[in-house]
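Beneath this line is the structure, given in structure tokens, with notes to follow.
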Amino acid sequence: GFWNVENLFDLVNDPLKNDDEFALGGRKLVTQEILDMKLDHMTEVISDLNVDILGLCEVENRKVLEMLNEKYPEKNYSIIHYESPDLRGIDVALLYDAEKFTVIDSYPIEISFGAEAPTRDILYVKGTFDEAILHIFVNHWPSNCSGLERGTLRRSVAANVLRKTIDEILMQDENANIILMGDFNEGPLAKAVYGVLNTNINREKVAENRYQLWNPMAPVMGIENGGTYKYRGIDNVIDQFIVSKGLIDENGLEINPRSVKVLNRDKYRQQEGDFKGYPFRFWVGDNLLGGYSDHMAIYCELYLKN
């Protein structure tokens with residue numbers, strides 16, 4: 001699974017991060033009660049997902065992930081998290097069931113823009129799942145907050161860095177099992193994801209090229225109130241899974257293409273008003289809406305083919 005949890009911060013004002021608004025005494029007037037509500041609502045989503053491996057983004061630190069684990073002891077997830085250089089202090093992380101997935105290696109991949117403000121690292125995790133090696137990349141690419149052109153350029157840099165890392169793996173093993181998950185801040189057919197990262201929503205096309213990646217999100221594209229993020233009334237699928245040929249070659253570890261879904265339950269979307277169909281957010285600006293997130297969670301199934 002993967003989910004952008006929308007600003008999971010603790011209550012401490014970290015002088016090295018722009019997290020003041022979520023700290024005690026900050027402009028959002030966050031209290032322990034509000035943080036507990038946020039964590040309780042997150043456990044609803046995570047319980048409904050019920051996955052063995054879960055990528056998250058927009059988490060401040062390991063502390064909040066441990067708080068989340070305490071709220072949801074059913075899985076007792078192990079945590080992989082590294083502090084990234086993002087100025088707001090939001091990071092990506094991976095939670096996993098250590099009885100199902102055994103970690104071999106993990107490290108953050110830095111995305112550098114030179115003198116420009118840094119962004120989130122990409123998290124790389126290698127492990128064994130169902131006795132097969134699985135390579136996981138958890139992403140949270142730059143947004144369009146400074147404009148579409150600049151956002152696309154910054155995402156293209158991230159895509160280039162990620163592509164080089166993937167190619168290094170594929171040069172060693174062209175059938176490597178690789179899954180990318182994340183908030184890419186653009187859709188499957190946009191420039192950085194489709195062009196720079198070299199992906200295709202057509203599975204047959206990918207089967208002909210060992211370096212091309214398959215984007216299995218087509219079944220949830222173009223569906224009213226069915227995407228992962230809604231902006232100005234338009235449904236978008238910016239939270240995605242992307243896989244290598246090794247996960248569609250009908251040998252060893254495979255992705256079930258029919259299993260790729262958005263956790264699209266009524267309680268996770270607003271059901272009335274001007275924003276009917278939008279993800280039910282926890283915050284709207286400085287106002288507490290009390291929902292879940294501005295993004296919908298996604299999930300899929302991997303299985304070992306006999």
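The values are calculated or read from the model by the stated rules, or taken from the named source; none is laboratory data. Being a predicted model, the structure only gives us computed values, none of them experimental. All Cβ positions, even for glycine, are placed from backbone atoms using ideal geometry, and neighbour counts span all protein chains on display. Heads up: the accessible areas ignore ligands, DNA and RNA and are worked out on the full protein's heavy atoms, side chains in. Shrake-Rupley method; radii C 1.70, N 1.55, O 1.52, S 1.80 Å.
Show the residue pairs that are 6+ apart or on different chains and have beta-carbon atoms under 9 Å apart, the first residue being within region 12-27 and under 15 Å from LEU288 (Cα atoms) and open to solvent by less than 80 Å² (accessible area, probe 1.4 Å), the second being charged (D, E, K, R) and not in a loop (DSSP other than H, G, I, E, B). Correct list of pairs: GLY26/ASP20. The strands (runs of 3 or more DSSP E) falling completely within region 81-148 that include 1 or more residues that are acidic (Asp, Glu) map to 91-96, 101-109. If you take the residues in region 65-118 that are within 30 Å of GLN32 (Cβ to Cβ) and of a type in the set (Ser, Thr, Tyr), which one is farthest from the chain's Cα centre (by Cα)? Only one residue fits best here, namely TYR72. When ASN144 is tested against the conditions (1) closer than 26 Å to VAL206 by Cβ; (2) modelled with pLDDT under 95; (3) open to solvent by less than 70 Å² (accessible area, probe 1.4 Å), the lone failure is (1). Listed by position, the strands (runs of 3 or more DSSP E) contained in region 187-294 that have at least 1 residues being among the β-branched types (Val, Ile, Thr), over 30 Å from GLN172 (Cβ atoms) and open to solvent by 30 Å² or more (accessible area, probe 1.4 Å) are 234-236. When region 55-72 is filtered for residues that are within 13 Å of PHE9 (Cα to Cα), open to solvent by 20 Å² or more (accessible area, probe 1.4 Å) and of a type in the set (Asp, Glu), the ones remaining, listed by number, are GLU58, GLU66.
Restricting to region 18-46, name every residue that is of a type in the set (S, T, N, Q) and within 17 Å of the chain's Cα centre (by Cα). Of everything in region 18-46, just one residue is of a type in the set (S, T, N, Q) and within 17 Å of the chain's Cα centre (by Cα), namely THR43. When region 295-306 is filtered for residues that are assigned to a loop (DSSP other than H, G, I, E, B), at pLDDT 95 or above and not charged (D, E, K, R), the ones remaining, listed by number, are HIS295, MET296, ALA297, CYS300.
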